[in-house]
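Each remark here refers to the structure printed beneath this line.
The values are calculated or read from the model by the stated rules, or taken from the named source; none is laboratory data. Everything numeric here is computed off the predicted structure, so don't read it as measured data. Neighbour counts are summed over all protein chains in view; Cβ atoms, including those assigned to glycine, are modelled from backbone coordinates with ideal geometry. In case anyone asks, the SASA skips ligands and DNA or RNA and just uses the protein heavy atoms, side chains included. Shrake-Rupley method; radii C 1.70, N 1.55, O 1.52, S 1.80 Å.
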Amino acid sequence: MAEGLRERKKRQTRQHISDVATGLFLERGFDAVTIAEVAAAAEVSVNTVYNYFPAKEDLFLDREDDAIGWLASVVRGRPPGEPAAVAVLRVLRAEIVAVSPRLGLIDGYDRFMRVIDESQALRSRVLDMRRRSAQALTAVLVEEGSEDGPLPGLVASQLGWVQAHVVEFVQHELVAGRTAAETSRAALGLLDEIEGLLSEKVLAYAPA
């Protein structure tokens with residue numbers, strides 16, 4: 001269905017507010033910027049900001065829903081016969097090879113990470129996003145008919161750890177001064193090491 005004028009205007013307003021807020025956070029730090037200052041810079045009311053972003057953290061992590069649902073969508077969309085872990089490893093490897101911004105593989109991303117590192121509120125939100133991501137993946141595994149005991153949650157937690165560890169490695173390398181291309185090559189080696197640590201039970205779990 002084509003996007004209507006009203007929906008497009010709302011989407012553009014939301015993106016504008018987020019872009020303005022991100023610029024301020026990158027310049028001054030997350031904790032130093034108020035919602036009122038974001039509203040003034042974006043030339044909207046404070047109420048308008050809150051209508052689009054219920055919490056201040058939402059302004060900076062505006063793609064939170066996509067990030068939380070990523071593991072679940074990868075597993076749900078895997079081809080017939082492919083186990084869940086194999087699907088996650090395959091897609092992660094493809095994203096690394098493509099030097100994908102989804103993993104933070106973009107020059108200058110270290111500035112974004114420094115803002116998170118300096119804010120307890122943002123660090124807490126990132127940890128909560130990882131928890132919710134594992135929960136979403138657990139739900140997919142259970143829906144597909146995997147046993148409803150602890151194993152779906154345990155496997156989901158391990159795959160969440162795999163994704164988080166790769167992302168954290170990318171962030172660390174970029175903050176240390178490596179380029180996105182250099183970090184991509186190093187991350188491929190890391191992913192091979194991670195795959196070697198996963199048990200055969202995990203690697204064979206939940207074929208589609």
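Each of Leu5 and Ala139 was given a label point 7 Å from its Cα along the Cα-to-Cβ line. The distance between the two points is 3.6 nm. Compute the acute angle (0 to 90°) between the alpha-carbon long axis of helix 5-28 and the principal axis of greatest extent of the alpha-carbon atoms of the chain; round to the nearest 10°. Once rounded, the angle reads 90 degrees. Roughly speaking, to the nearest percent, how much of the chain's 1.4 Å accessible area is carbon and sulfur? Reported share for carbon and sulfur atoms: 54 percent.
Ellipsoid fit via the Cα gyration tensor, region 85-208: semi-axes of 27, 18, 10 Å, each the root of five times an eigenvalue, largest first. Phi angles of region 103-116 translate, via the Karplus equation with coefficients 6.51, -1.76, 1.60 and θ = phi - 60°, into HN-Hα couplings of 9, x, 7, 8, 4, x, 5, 4, 5, 4, 5, 5, 4, 5 Hz per residue; Gly and Pro are given as x. Summing +1 for each Lys or Arg and -1 for each Asp or Glu, what net charge is found among the other residues whose Cβ lies under 13 Å from the Cβ of Val33? Here the count lands on -3. Taking the Cα centre of region 88-202 as reference, the dipole from Cβ charges on Lys and Arg (+1) and Asp and Glu (-1) amounts to some 340 debye. Evaluating 6.51 cos²θ - 1.76 cosθ + 1.60 at θ = phi - 60° for every residue in region 73-84, the Karplus couplings come out as 5, 5, 5, 5, x, 5, x, x, x, 8, x, 4 Hz, glycine and proline recorded as x. In the chain, helical runs assigned H by DSSP with n ≥ 4 each contribute -39500 (n - 2.57); averaged across all residues and rounded to the nearest 500, the mean residue ellipticity at 222 nm is -23500 deg cm²/dmol. Net charge dipole, the chain: roughly 420 debye, given to the nearest 20, about the Cα centre with Cβ charges of +1 for Lys and Arg and -1 for Asp and Glu.
Overall, region 118-180 carries a charge dipole of about 320 debye about its Cα centre when +1 sits on the Cβ of Lys and Arg and -1 on the Cβ of Asp and Glu, all other atoms neutral.
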